[in-house]
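Laboratory data are not the source of any read-out in this text; all were calculated from the coordinates shown. This is a predicted model, so every value here is computed, not measured. Heads up, the Cβs are rebuilt from the backbone with ideal geometry, glycines too, and the neighbour counts pull from every protein chain shown.
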């Protein structure tokens, strides 16, 4: 549990792990795999047996893979892949009649680990997450991070030199907020802004994807041109806006890394 | 609340009966995934009644995750869903939550319509990744499901799986005759039609995320004799997963 708590701080405290595994009606302790090095636990992987629906009228004996953890100082040594392969190689799943295994993961992690290690493929998924931001705090933290990156990176300082823009965002899925770029820094303001240079409306997750670099630059321009993100005021400043968003993207990438 | 688990789990299973990709609810499972979840307070569970009948519910966590919600489609779904979302958003704001999010089936237009009215936006969920460990059993179960359609096929197939780990079956033999079938992984079985392909591609075709004919056309899957492509296509239509998949947030753990 200490290892898991270190890897997932704030999320995997003892209470949560106990609920997720020990109190789970399907928990099987023989499906928890631990990697040890010099007598110390350096990695673990958990599997939960589950009755799983693969078709509207068919469910099979399956196992959900969850919370694979490798201590940071031991990563990149093949321990994660070894943990994933271990139970399958040991025939433990075969003895329990498990027909398939599955897991939830971000695509990037899947590419790096699951597909290469044990040949997982994407399942057909028709799920949508519906999201709505009720308060701007998380947005504010994002722009504080962007500002910190702008102050610390000479290349970004050069790009924002003498650049000013007052932007107001009225995006579906988030409260109204404003961002002011001036004097080589970025300020976040909750709510409306007096005399903004541009007012942007549209879909919050699309805007967020654009800023976080998950939406390509061309797609951002396309979104602006096709109206998925629309400029309600200051259409002539579109090129300046795109330039500023590009700078934010670079700052976010730096923060992420 | 205790004692309602049976009714709520039955409602969930009925509401999502046309979908796959989740754990069918039992009272024990519902109790674990919703009622006893550490970040769910009893006050965060809403049950919508029509008379004495439960027609919808939501399980809302302390940080704004709506772990599970559903409505009975035999009733006015728009009213039920609107009631659920109004209550949920008020609850989340009352407890100081900053964000509201939940999973819903992409194909459910009512969710899209109501969520749009409430100012929600869409984003993709974490992906499900899957691996089949027991091919013969997997294929047998699906053929069982479609046993009425077996009459149209009279053939012996051999599916050769390449690129798979050492413990995988390399060869799966499927014999369909007179409306019955047998599946085994014996290496010494002869068959009239062989299909050969990479394990990931074969699994993708079985999951319905890749088309078998497309894979054959682009020569990623080899069929011998080639003119039996239509038979292969018929076989895969019986063992392919067709239903949309939906993963409720409460299944993530």
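Numbers below:
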quantity	calculated
Cα pair distances in segment A:153-257, grouped into 5 Å bins until the bin that holds the longest one, percent each	3, 12, 23, 27, 22, 10, 2, 0
Segments B:12-21, A:42-51 sorted - mean Cβ within 10 Å per residue, highest first	A:42-51, B:12-21
Radius, Kirkwood style, for segment B:59-174 when every pair of distinct Cα atoms is counted (Å)	18.6
Overall form of chain B per C-alpha gyration tensor (a/c, 1.5; a/b vs b/c)	prolate
Share, in percent, of DSSP beta bridges within chain B that are antiparallel, nearest 5	75
Within segment B:96-216, percent of DSSP bridges classed antiparallel, to nearest 5	65
Global form of segment A:54-104, assessed from the alpha-carbon gyration tensor, a/c cut-off 1.5	oblate
DSSP bridge orientation in the protein assembly as shown - percent antiparallel, rounded to nearest 5	80
For the protein assembly as shown, calculated [θ]222 nm from helices alone, where every DSSP H run of n ≥ 4 adds -39500 (n - 2.57)	-9500 deg cm²/dmol
Relative contact order (%) - segment B:75-204, alpha-carbon pairs under 8 angstrom, separation at least six	19
Average partner coverage of B:85-92, which counts Cβ from other chains inside 10 Å	1
Anisotropy class of segment B:44-121 from Cα gyration tensor, a/c 1.5 cut	oblate
Per principal axis, descending, Cα span of segment B:10-66 in whole Å	31, 30, 20
Inverse of mean 1/r across different Cα pairs in segment B:211-253, Kirkwood, Å	12.5
Cα convex hull of the protein assembly as shown - mean projected area over all directions, nm²	28.2
Distance from segment B:1-67 to segment A:187-210 (C-alpha centre basis), Å	37
Whole-angstrom gap from segment A:137-165 to segment A:46-97, using each part's C-alpha centre	42
For peptides A:74-85, B:110-121, sequence by mean Cβ density within 10 Å, most packed first	B:110-121, A:74-85
For B:46, B:213, order by how many other beta-carbon atoms lie within 10 Å, fewest first	B:213, B:46
